[in-house]
């Protein structure tokens, strides 16, 4: 990916120490915000960031939070110490290869970014279509713009920032100069790109003081960190991840809590010593859950503890020594114990959802956990097609053992839709397999939000039915208030 960086090069030539100081502050601010919206940093190029998101809405919310943070910071410093960014967002197809990211999605996003004014956010029409009903903001349609190597002029939108409306400001208008092209690879994965380009303009002298960009953390916010596998067999790693993931999923069903997604917490997988306070600040939460799983024969020990990361106080801890078949009850008990400690209000429906076991078959659960790990990590794998097909085989084995395994049916639909939409097997037969899995999920639990998410993904990936997908997500939102896909 190639991006246009305005101002930083000139500043480096005039005052390199100041430029480096502001560059580091800029990176600290942005990296503290990305995880709050499930953003994954792909790479930096000087003063530019390339970030992936699970949804267009999260990308836009993250961009707004970044510009809001900088808008609060800049009036308190001299003009030469201001950090001002342009941000461009596009929904596109990309390929990950040998640590690099290529594709039309990256190319187009890099060309959208310069259209944003200083301190502004510019989005493609595809992004606007997905977020205009859900993002609390006003959109300004720009005149169609010709972008290099794009056959037809593109319709772009600018997000009107709240503080601009209050101040009656107009967006900056500048000529967009032509940029060099970016290598494009075969389409293998669909992602949402947030290109953060620092366009820094400075006029003056040294910074008088450093200010924190960390806001007060919500009291009922929580991150469930990956549990540690204490079993001798490393193959139990998938089982351990599955236990942690189910606890996270149970807590995410509670509307009174703010729960960080699996994607954001998996980067803190056990290994090196973890600084919980630092992790909590990076994720924007007040509390963290950590624990361990030890399995031997038909016995399992699960240890979980809830920590107030603001002061390192242990609020709750519990050790469960049970038969292996009771692991699903343990997961529910941990989720309810944590919710009680945080004084979260549980509706009868939420309580029932937490108590519902994913399956009664431990082997089926292991197969499902292995499959989920393969399928959800395809965006970063060079052998994604093989991984997804292996995941499908594992899910079919799990469903053969337990045909009522609802989560496995939803994941199976997702896997078939991925192979279809990414062009690996773009056939009516593959689409039909996804449809069968979606319908099976609805037969098992017709009122479950996860079933509506599965149908939304199917409508979007299989038929590009945006309105139908959005309608399904609105239904899912009622029972999945913390789901990052919604």
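The values are calculated or read from the model by the stated rules, or taken from the named source; none is laboratory data. Predicted, not measured: the structure shown is a model, and the values here were computed from it. Every residue, glycine among them, receives a Cβ derived from its backbone with ideal geometry; neighbour counts consider all protein chains shown.
So that you can scan it fast, the table gives a plain yes or no per residue for (1) surrounded by fewer than 16 Cβ atoms within 10 Å (Cβ to Cβ); (2) at pLDDT below 95; (3) under 24 Å from the mean Cα position of the chain (by Cα); (4) assigned to a helix (DSSP H, G or I):
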residue: 322; (1), (2), (3), (4): yes, yes, no, no
residue: 329; (1), (2), (3), (4): yes, yes, no, yes
residue: 345; (1), (2), (3), (4): yes, yes, no, no
residue: 350; (1), (2), (3), (4): no, yes, yes, yes
residue: 353; (1), (2), (3), (4): no, yes, yes, yes
residue: 369; (1), (2), (3), (4): no, yes, yes, yes
residue: 393; (1), (2), (3), (4): yes, no, no, yes
**OP:** Answer with yes or no whether residue 278 is in a helix (DSSP H, G or I), at negative phi, over 16 Å from the mean Cα position of the chain (by Cα) and in contact (Cβ under 8 Å) with a residue 12 or more places away in the chain.
**Re:** no
**OP:** Output the residue which, of all residues in the range 41-64 that are surrounded by fewer than 18 Cβ atoms within 10 Å (Cβ to Cβ) and in contact (Cβ under 8 Å) with a residue 24 or more places away in the chain, is nearest to the chain's Cα centre (by Cα).
**Re:** 43
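Rundown of residues vs (1) assigned to a helix (DSSP H, G or I); (2) in contact with a helix residue (DSSP H, G or I) (Cβ under 7 Å, 6 or more places away or on another chain); (3) within 21 Å of residue 264 (Cα to Cα); (4) at pLDDT 85 or above, yes/no style:
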residue: 41; (1), (2), (3), (4): no, yes, yes, no
residue: 64; (1), (2), (3), (4): yes, no, yes, yes
residue: 68; (1), (2), (3), (4): yes, no, no, yes
residue: 74; (1), (2), (3), (4): yes, no, no, yes
residue: 87; (1), (2), (3), (4): no, yes, no, yes
**OP:** Might you let me know whether the range 5-24 holds any residue that is at pLDDT below 85 and within 17 Å of residue 109 (Cα to Cα)?
**Re:** yes
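Yes or no, residue by residue, for (1) under 24 Å from residue 477 (Cβ atoms); (2) not assigned by TED's automatic domain parsing to the domain that holds residue 288:
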residue: 352; (1), (2): yes, no
residue: 371; (1), (2): no, yes
residue: 386; (1), (2): no, yes
residue: 390; (1), (2): no, yes
residue: 396; (1), (2): no, yes
residue: 399; (1), (2): no, yes
residue: 404; (1), (2): no, yes
residue: 410; (1), (2): yes, yes
Original post:
Among (1) within 19 Å of residue 55 (Cα to Cα); (2) surrounded by 20 or more Cβ atoms within 10 Å (Cβ to Cβ); (3) touching a residue at least 24 places away in the same chain (Cβ under 8 Å), which single condition is residue 376 missing?
Top reply: (2)
Original post:
Which of the residues belonging to the range 399-443 are surrounded by fewer than 21 Cβ atoms within 10 Å (Cβ to Cβ) and part of a loop (DSSP other than H, G, I, E, B)?
Top reply: 402, 403, 404, 423, 424, 425, 426, 427
